[in-house]
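Student: I am attaching a structure below and will ask some questions about it afterwards.
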Amino acid sequence: MTSVPDIATLAAPAFTQGLALSLGLIVAIGAQNAFVLRQGLRREHVGPVVVFCAVADAVLITAGVLGMAQALGERAGLAQALALAGALFLAWYGWLALRRARHPSRLQAAAGGDGLSRGAAVAQAAAFTLLNPHVYLDTVLLVGSIGAQQPAATRGWFVAGACTASVVWFSLLGFGARWLAPWFARPRAWQILDGLIGLTMWTLAALLVRHALIPQ
């Protein structure tokens with residue numbers, strides 16, 4: 001049985017890995033982030049939109065980790081194969097981020113248009129979130145398979161870290177929109193951010209390969 005000191009020692013790395021992985025995947029120029037930024041700039045139903053996006057991520061991440069943990073079970077070979085596949089994906093994703101850093105763009109919220117009701121705003125947030133096939137690849141398959149390989153005692157910390165990333169990011173994007181919008185409109189800012197994301201993804205890929213190839 002894992003002792004309390006051991007769990008405490010493993011909890012912080014698991015939380016940090018979940019946090020870094022989720023941030024690396026979620027911080028990108030896309031329709032969902034642009035919509036949350038737009039609502040923040042308009043100060044229109046920001047709370048419900050932020051809550052929906054964060055809760056949707058949390059549900060998908062938790063379902064992915066728990067589902068993958070149950071599916072993998074004692075199948076060490078499958079777990080190792082998924083770890084290596086995840087490492088390849090993270091390395092590829094990191095390379096894309098570093099390539100974007102060489103040709104940066106900007107995140108701008110669409111201006112104009114009539115105000116939305118609360119229901120319409122949440123419905124649009126749901127569409128941008130749940131109708132994007134990449135969200136299932138990222139949260140359910142990738143984050144789920146990596147989280148499922150965490151020790152059972154610290155798996156919850158990994159999920160907590162990944163969910164915290166969503167809460168922090170969408171809160172900053174929505175409630176800090178007026179302060180962050182000029183920053184997001186600068187290609188140089190995204191160049192730096194993409195560079196950091198690329199290096200983070202490569203670091204996580206290396207850790208995943210180490211986990212898959214070196215017996216724990």
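The values are calculated or read from the model by the stated rules, or taken from the named source; none is laboratory data. Note that this is a predicted model, so its numbers are computed, not measured. Note that we place each Cβ from the backbone using ideal geometry, even for glycine, and neighbour counts take in every protein chain shown.
Student: Going through segment 41-72 one residue at a time, which ones are modelled with pLDDT under 90, more than 28 Å from Gly94 (Cα to Cα) and part of a helix (DSSP H, G or I)?
Tutor: Leu41, Arg42, Gln70
Student: I'd like the full set of residues that are more than 19 Å from Arg42 (Cα to Cα), part of a helix (DSSP H, G or I) and out of contact with any Ser or Thr (no Cβ under 9 Å at 6 or more places or on another chain), limited to segment 113-143.
Tutor: Ala127, Thr129, Leu130, Pro133, His134, Tyr136, Leu137, Val140, Leu141, Leu142, listed by residue number.
Student: Looking at Leu208, Leu213, Leu204, can you tell me which residue is of a type in the set (A, V, I, L, M, F, W, C), exposed (fewer than 13 other Cβ atoms within 10 Å of the Cβ) and closer than 29 Å to Ala81 by Cβ?
Tutor: Leu213
Student: Examine segment 110-125 for a residue that is touching a helix residue (DSSP H, G or I) at 6+ places or on another chain (Cβ under 6 Å), within 22 Å of Thr62 (Cα to Cα) and in contact (Cβ under 8 Å) with a residue 24 or more places away in the chain, and state whether such a residue exists.
Tutor: Taking every residue of segment 110-125 in turn, at least one turns out to be touching a helix residue (DSSP H, G or I) at 6+ places or on another chain (Cβ under 6 Å), within 22 Å of Thr62 (Cα to Cα) and in contact (Cβ under 8 Å) with a residue 24 or more places away in the chain.
Student: Do we have Trp169 as hydrophobic (A, V, I, L, M, F, W, C), crowded, with 19+ Cβ neighbours inside 10 Å, in a helix (DSSP H, G or I) and out of contact with any strand residue (DSSP E or B) (no Cβ under 9 Å at 6 or more places or on another chain) here?
Tutor: The answer is yes for Trp169.
Student: In segment 16-33, what count of residues is obtained for those that are surrounded by 17 or more Cβ atoms within 10 Å (Cβ to Cβ) and part of a helix (DSSP H, G or I)?
Tutor: 12
Student: Based on this model, can you work out whether Trp95 counts as surrounded by fewer than 17 Cβ atoms within 10 Å (Cβ to Cβ), in a helix (DSSP H, G or I) and at pLDDT 80 or above?
Tutor: yes
Student: Name the single residue that is modelled with the lowest pLDDT among those in segment 172-201 being crowded, with 20+ Cβ neighbours inside 10 Å and not hydrophobic (A, V, I, L, M, F, W, C).
Tutor: Asp194
Student: I've got another one for you. Do we have Thr9 as over 20 Å from Thr200 (Cβ atoms), modelled with pLDDT of 85 or more and polar (S, T, N, Q) here?
Tutor: Judged against the criteria, Thr9 is not a match.
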